[in-house]
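The values are calculated or read from the model by the stated rules, or taken from the named source; none is laboratory data. What you are looking at is a predicted structure, and each value in this text was computed from that prediction instead of being measured. For neighbour counting, all protein chains shown are included, and Cβ atoms are generated from backbone atoms with ideal geometry for every residue, glycine included. Heavy atoms of the whole protein, side chains included, go into the accessibility calculation; ligands, DNA and RNA do not. Shrake-Rupley method; radii C 1.70, N 1.55, O 1.52, S 1.80 Å.
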Amino acid sequence: MPKFAANLTMMFTEVPFLDRFEAAAKAGFKYVEYLWPYDYPADVLKAKLDQYSLQQVLFNTSAGNIDEGEWGVSAIPNREADSQRDIDLALEYALALNCPNVHIMAAVVPEGADKTQYKQTFVNNLRYAAEKFKPHGIKILLEALSPQVKPNYLLKSQFDTLEIVNLVDRDNVFIQLDYFHAQNVDGNLSRLTDQLKDKVAHIQIASVPDRHEPDEGEINYQYLFDKLDQIGYQGFVGCEYKPRIETVAGLDWFKPYQQE
């Protein structure tokens, strides 16, 4: 049975962020993820995890200057110092929170820029991250983002991500397979899952096209959840969706998977 993680950035937004840990636990989740931890001291977040018997399973490196259009800096040429600073900070938090996975954000590639330079910069910074994280057994994840959500992001297709994973060539670097983005770009999710299964260490879900609960839209998630069991997937499944109305009211889909 998949191990579902509540995404506290997108779910339980009816309450302030630090109250979402309690809300997720009361709803039956044992695992949580969110975009970024850096607005809070690590010991404050760890106390919340411990208080509600939750495991942190994923967060991202910093997005950079979002107001200036950045969405990660680790692929931006001549920003290696910024990338390494973000990677080092993420490692500090991962160790403090006992988090097994960190998503290294790439970057938006400006129109007309040399994409080859961005890819090589990203590969170099990922190798730095892989060396830093490896002694601690923490996996590095890369995620493709569909153009509808993040235009001009370096990684659009799952095969863009696979290419970078192969170029980095480190045994602790994996794909973060978000079925919402994958359906919007690649489709054929069942065969995609089979094709990438040895390279995937984290999965995220949301309906398509509206990015709501996984009980609507064009993806048959029950089929995919069964497939994950069939292929022996051992990672987590992050619920990175926008609830239709109120989070708890939309959790009927989750009831069969609640763990005692």
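Of all residues in region 28-58, those being open to solvent by less than 50 Å² (accessible area, probe 1.4 Å), of a type outside the set (Asp, Glu) and touching a strand residue (DSSP E or B) at 6+ places or on another chain (Cβ under 7 Å) number 11.
Considering only residues in region 113-146 that are part of a loop (DSSP other than H, G, I, E, B) and open to solvent by less than 50 Å² (accessible area, probe 1.4 Å), the one that is farthest from Tyr93 (Cα to Cα) turns out to be Ala113. Note on region 11-112: enclosed strands (runs of 3 or more DSSP E) holding 1 or more residues that are in contact (Cβ under 8 Å) with a residue 40 or more places away in the chain, touching a Ser or Thr at 6+ places or on another chain (Cβ under 8 Å) and more than 18 Å from Tyr241 (Cα to Cα) are 101-103. Residues in region 179-197 include none that are among the acidic types (Asp, Glu) and under 25 Å from Ala94 (Cβ atoms).
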